[in-house]
Every structure is written in structure tokens, then in C-alpha cells.
Amino acid sequence: MKTITLSEDPAEIRSVFEQAIDEDVIIKLADGRQFILSAIDDFDVEIAQTRRNQKLMNFLDQRARETQTISLDQVKRQLGLS
């Protein structure tokens, strides 16, 4: 994910940003390409960065496919807690 800091605040762009506060805005260019502008907070950024962590996503996919489980009692015995 890339962050771009704007040094100017043109009125036309400011209006688009204000609209994006309340709902996502689709921006269409003359050549047909489309982009989405959405207001985010720090948690949204963290989620997006986590989703881009391919190693973590692969690990979670692998864990989701596992069918064998260990009961809490088994874990306690293995740790010497019971």
C-alpha cells in the first residue's frame, strides 16, 4: 500500500474527499479506468497490511485446512497443568 501526501488542497479534490467521508466514491477517468476512494482509520490500514502479508495468509490457510484438533484437557496434560 502506498501513501501519498498532497501538498495542495484544491477545492475540486477537497469536495471528493468530503464525499468519501460518508460513503465510498468511484472515480472514473476519461480512458475508462476506475478507482475507489474510501475513508479509512488506523485499524483499516493495519488490516490491509496484514492481508498483504503472504506468509501469514498462507499459514492461516494451512491452519484452516487442518482437521485434527487437541482438546483443552490434552493441552493441560502436555503442559503439566492437570
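Rule-based calculations on the coordinates, nothing more; no lab input. Fair warning: this is a prediction, and the values are worked out from it, not measured in the lab. When we count neighbours, we look across all protein chains shown, and the Cβ atoms used for this are built from the backbone with ideal geometry, even at glycine.
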Original post:
So what are the ³J(HN,Hα) numbers for region 51-67, from phi and the Karplus equation (6.51, -1.76, 1.60; θ = phi - 60°), rounded to whole Hz, Gly and Pro as x?
Top reply: 5, 7, 7, 4, 4, 5, 4, 4, 4, 5, 4, 4, 4, 5, 7, 5, 10
Original post:
Hey, rough spin-label estimate for residue 59 and residue 20, points 7 angstrom out along Cα→Cβ, what's it come to in nanometres?
Top reply: 3.2 nm
**OP:** Please state, as a whole number in µm²/s, the translational diffusion coefficient that the Stokes-Einstein equation yields for region 11-65 at 20 °C and 1.002 mPa s, with Rh defined as the Kirkwood radius across alpha carbon pairs.
**Re:** 155 µm²/s
Subject >> Cα-centred dipole magnitude for the chain, charges only on beta-carbon of K, R (+1) and D, E (-1), debye, nearest 20 >> reply: 840 debye
